1. Checking B:T296 against (1) within 14 Å of the chain's Cα centre (by Cα); (2) surrounded by fewer than 24 Cβ atoms within 10 Å (Cβ to Cβ), which test does it fail?
2. Give the residues of the range B:301-341 that are open to solvent by 20 Å² or more (accessible area, probe 1.4 Å), assigned to a loop (DSSP other than H, G, I, E, B) and over 30 Å from B:A404 (Cβ atoms), sorted by residue number.
3. For the range B:30-57, which residues satisfy the criterion of being facing chain A (nearest Cβ under 7 Å) and more than 25 Å from B:D19 (Cα to Cα)?
4. Just to be sure, is B:F430 closer than 25 Å to B:A266 by Cβ, away from chain A (no Cβ under 14 Å) and touching a strand residue (DSSP E or B) at 6+ places or on another chain (Cβ under 7 Å)?
5. For the range B:395-427, give me each residue that is in contact with a strand residue (DSSP E or B) (Cβ under 6 Å, 6 or more places away or on another chain) and not aliphatic (A, V, I, L, M).
6. Counting only residues that are of a type in the set (A, V, I, L, M, F, W, C) and within 14 Å of chain A (Cβ to nearest Cβ), which one in the range B:234-285 is farthest from B:V197 (Cα to Cα)?
7. Scan (1) farther than 28 Å from A:F329 by Cβ; (2) open to solvent by less than 10 Å² (accessible area, probe 1.4 Å); (3) more than 9 Å from chain B (Cβ to nearest Cβ) for the single condition A:G141 breaks and write down its number.
8. Scan the range B:57-65 and give yes if some residue there is charged (D, E, K, R) and within 23 Å of the chain's Cα centre (by Cα), otherwise no.
2 protein chains.
Amino acid sequence: MDIEQFRRAGYQAIDRICDYYISLRDRPVSSQVEPGYLRKALPASAPPEAEDFQLIADDYQKYIIPGLTHWQHPSFFAYFPTACTFEGILGELYASSVPNPGFNWSASPACTELEAVVMDWTAQILGLDKSFYNTTEVGGGVIQTTASDSALIATVAARSRYIREHPHVAMEKLVLYTTTQTHSLGKKAGLVLGLKVRALEVTAEDDFALRGETLEVALKEDVDAGLHPFILVATIGTTSSGAVDRLGEIADVAKHYPFLWLHVDAAWAGVALVCPEYREACQLPAINAYADSFCTNFHKWGLINFDASCLWVRHRKHLTDALDVTPEFLRSKHGDAGTVIDYRNWHLGLGRRFRSLKFWFVLRSRGVNGFQRYITDCTKLNAKFAERIRESDQFCFAAKPFLALTVFRLGPKSLPHLTTLELNALNRAFYARLAARSDIAITQTDLNGVFCVRMAIGAEKTVEKDVDRALDVIGQEGRATLREWERMWGL
Amino acid sequence: MDIEQFRRAGYQAIDRICDYYISLRDRPVSSQVEPGYLRKALPASAPPEAEDFQLIADDYQKYIIPGLTHWQHPSFFAYFPTACTFEGILGELYASSVPNPGFNWSASPACTELEAVVMDWTAQILGLDKSFYNTTEVGGGVIQTTASDSALIATVAARSRYIREHPHVAMEKLVLYTTTQTHSLGKKAGLVLGLKVRALEVTAEDDFALRGETLEVALKEDVDAGLHPFILVATIGTTSSGAVDRLGEIADVAKHYPFLWLHVDAAWAGVALVCPEYREACQLPAINAYADSFCTNFHKWGLINFDASCLWVRHRKHLTDALDVTPEFLRSKHGDAGTVIDYRNWHLGLGRRFRSLKFWFVLRSRGVNGFQRYITDCTKLNAKFAERIRESDQFCFAAKPFLALTVFRLGPKSLPHLTTLELNALNRAFYARLAARSDIAITQTDLNGVFCVRMAIGAEKTVEKDVDRALDVIGQEGRATLREWERMWGL
């Protein structure tokens, strides 16, 4: 493909992306393909000779688009949102035209420098303490792929610090703390590192938040048993229910354990800190006072295309002490002099993409006000949704609505004597109906044995009428589930 | 930014990328900025109000481009190449317009299915054994970010298998084997996982390749000392010199250690397997016979934009046994039924980008023949370069040239009595002259105490005249270094 062929194919790609977004609302949200559909459609081997790009571009429309679930669809309310903005696409486009592995400053100075700058910009708009800024040259921020990577790196840094202070402790004695509501990233960090994970219990009465006393009892038990808890992964806005662990209480207990690292995962909710009115609910003062590391994913609810997980640490040396590798072939003048950041020592791999560009594009193109407006628009839509659930005779909350997430289930006033097991069966039937639809995407979860449904608002194109339609669909399927249930039990 | 604004900004981005490639040859290869240049140029905070995108796009040209080192420049011979093709850019562009976290099949079926297909296509064009294909449903391939991630995952899988078979072995007793020439990925896997790394010695006489007997002695020593070697990271084409560890000899020894995992890292050289004539030199038969896992990076010498690290395993269950996390909120109908791949359990994080699209675009647009032609063109250019070094009176090889890599140094016939220390000083002075130039990029390394210079060919735009110019520059700087040396010593 020469330059002029690329120009034509590039214009066409831009046009087709425009067409995609023009027609997005009319598409099914979830792909309706069956497993194996693509392997059946494609040849078993790469072609021996070059194919015309027009054919390839057309095949993308023909074979790939029907196999996509449209996470940017206005009726996508599943999991958490995945951001996609036009500015983000443009950031990725420019970045992908000048790829380099970015493992040190010299590899391409602009990449490292822009990352250091935009991580300070984002720290500032979220209200993070200055000790997390790159300008301190003590703390700092870095872009990772996912919140799982961020938590894994925090765990590696914490383990490394702990072992330096306690060199004779066996790895088998180390314990990573999460709660039963922590995202799979906690368990996965344990699996990857081969370390014990203890998931602390939380209760519905406490809105699934970790309490200080629970931590205190666990720490005492484990230390008495000769174990060494070295990190706690606390969450601001859990995946299942938006729970907010009580960082103040946690810190009161943790202060007696100086080598217990506090990693705060706010993968989804963290971007809401851009709005001053949510900072108290998201415990910003406690994050600023106590967190050793903090993560939020701008690629979820933060308008920046996947991948864009932000990790800030109070002491960058804990990362570099744990991860520094500098063979001769990676040495450089400025790296040797220590005057620059070499981001390879802040993450797991060596090479890294030029992800800061999309941050720069989106932050500037939207402005802080644009970010704030988007977040508050989503929370207002969720407030409306939650209000309708609250007023309903058939549904009830499974957890307190938080920001743009409402977790609810069928709990009809007409059937007040159902047991938890019966209610779970009822709700599994209800969810199966919702999951079978292609005009809405919504996901399930389990809260301490209670099966329920999550409504997460955040696609940028979602407006009030989409939430109204979702309420209609949910209401219809709820009523249909109840009719079926009553028929089955002869009620 | 609305759809029509995106269309205009998108066209402009395509045009500016075209301009960039039209002017690339005339740019300096390496950025000439000083540390901190960008922070000085940019505001300290994100703007409160939205800015016009035209201003942002212009600032990219003004502030970012001058801070880039141009890895796709025809005179870029440093490190290893980083691929960038127009088809790869288009693949990234389409993919970034439909982002989704891709953690399971249901998240967006096309993403998982296309990855499974293109990993089989690439396995096939490289001549990998069928047991590595996804169609076997036993082995399989997956796209990772970097070779460091691939090696880390292989190490996690190997450790997990080893511990399942030897549940009472302490982690402190586990040993990861590399050689002294293994890429930093070996040391980094050890750092991340907190495990011992033993770098086995290799010699210049063996072309820096690991021999079976070295491994045999180390295994005996370590096992006698109560240690448990559980993985060997062998390399086809080391970063420093293109060394090829002797897999046949290694396998002869390793067969007595059934739980010693053999990971073959061919991050750079592996793509050369696309040409049948290089398969013997790259030990394809031994890879196919003995490797538990194999990695090559198409984003280096394989025409596919960063990131595109391919990892194949003989038994996918070793990955999923080690890494499976399936909380309720990630369960899905097809995942529960086991009829689909859920790639989240094949890598470190949870979310993943839609990287298979660029593979599909590039593989089809170039065809197998196009790939082969590109690889052989590069190796021919390197053969010419190596021939000129061989004929020279001032330079000598520091290692046997391999594929598109030549490692050499100043070793003038006029100064036959220099010691290794003197030669190193001479070559550091020589390299400092090369590194100070902005019209060529080339890097240094150290081979068992011998300082030398690496010439790695692979930018797609590099043609014969660029290699000729590099030879001229290298010759000039070599002569200037020698004149300086002779003046200094009064010769």
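1. (2) is the only condition that B:T296 fails.
2. Passing the criteria: B:H315, B:D324, B:T326, B:P327, B:R331, B:G338, B:T339, B:V340, B:I341.
3. Selection gives B:P35, B:R39, B:S45, B:A46, B:P47, B:P48, B:E49, B:A50.
4. Details: closer than 25 Å to B:A266 by Cβ: no; away from chain A (no Cβ under 14 Å): yes; touching a strand residue (DSSP E or B) at 6+ places or on another chain (Cβ under 7 Å): yes.
When the stated conditions are applied, B:F430 does not pass them.
5. Within the range B:395-427, B:F395, B:F397, B:T406, B:F408, B:R409, B:G411, B:N424, B:N427 meet the criteria.
6. Narrowing the range B:234-285 to residues of a type in the set (A, V, I, L, M, F, W, C): B:234, B:236, B:243-244, B:247, B:250-251, B:253-254, B:259-262, B:264, B:266-269, B:271-275, B:281-282, B:284.
Applying the additional criterion that residues be within 14 Å of chain A (Cβ to nearest Cβ) yields B:243, B:267-268, B:271, B:273-275.
On the way: B:A243: 20, B:A267: 20, B:W268: 22, B:V271: 27, B:L273: 29, B:V274: 32, B:C275: 34 Å.
Per the stated criteria, the residue is B:C275.
7. Condition (1) is where A:G141 drops out.
8. Let us first name the residues in the range B:57-65 that are charged (D, E, K, R), namely B:58-59, B:62.
Then keep just the ones that are within 23 Å of the chain's Cα centre (by Cα); that gives none.
Checked the range B:57-65: no residue is charged (D, E, K, R) and within 23 Å of the chain's Cα centre (by Cα).
The values are calculated or read from the model by the stated rules, or taken from the named source; none is laboratory data. All values reported here derive from a predicted model rather than from experimental measurement. Positions of Cβ are generated from backbone atoms using ideal geometry, with glycine treated the same way; all protein chains shown enter the neighbour counts. Protein only, heavy atoms only, side chains kept; ligands, DNA and RNA dropped before computing areas. Shrake-Rupley method; radii C 1.70, N 1.55, O 1.52, S 1.80 Å.
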